[in-house]
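Heads up: the structure comes next, in structure tokens.
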Amino acid sequence: MPNKPKRLQTKEYKDNRMRPWYTSSKWQKLRRLYLANHPLCECDDCTKYGLLKTANVVHHKIPHENLYEELFWDENNWQAMNSKCHNRYTMAVEQRVKKVETRKQLV
Ligand SMILES: [Zn+2]
């Protein structure tokens, strides 16, 4: 995969940007409170099929991309998710982005 190093660099940059928000005690507290109030996964699949999976991740519906702080802290933008559902969801989104990128390269 020749494109990988460049993408990794971008990801690392983003990870550095997000560190202060995700590790802040404010976020830890809000996150814990949110998951206490939303104990079950609220992803599309779990909602659709009535699956009862424990929520342990706070997902941001509109991606903040580690750049938009208002989106990060906006509770209306949060969704309780099971980490497995979250991984699947993130992977699906990344695959969609990859497909678009591939298509762009083909044009
Ligand atoms: Zn789910």
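Laboratory data are not the source of any read-out in this text; all were calculated from the coordinates shown. Predicted model only: the values in this text are computed from it and were never measured. All Cβ positions, even for glycine, are placed from backbone atoms using ideal geometry, and neighbour counts span all protein chains on display.
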For this session: Pop a pseudo-label 7 angstrom from the Cα along the beta-carbon direction at both N87 and L106 and give the gap in nm to one decimal.
Result: 3.0
Exercise. Say the cut-off is 25 Å between C-alpha atoms; which of K26/K61; K26/K99; K84/K104; K61/K98; K48/K104 go over it?
Worked result: K26/K99; K84/K104; K48/K104
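Give me the net charge for the shell around K48: Cβ to Cβ below 15 angstrom, other residues only, Lys and Arg +1, Asp and Glu -1.
On the way: positive: K53, R88; negative: E42, D44, D45.
Summing Lys/Arg as +1 and Asp/Glu as -1 gives -1.
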For this session: List the residues whose amide H sits under 5 Å from the amide H of A80, counting only those 5 or more places along or on another chain, with H placed 1.01 Å from N in the peptide plane.
Result: E42, H59
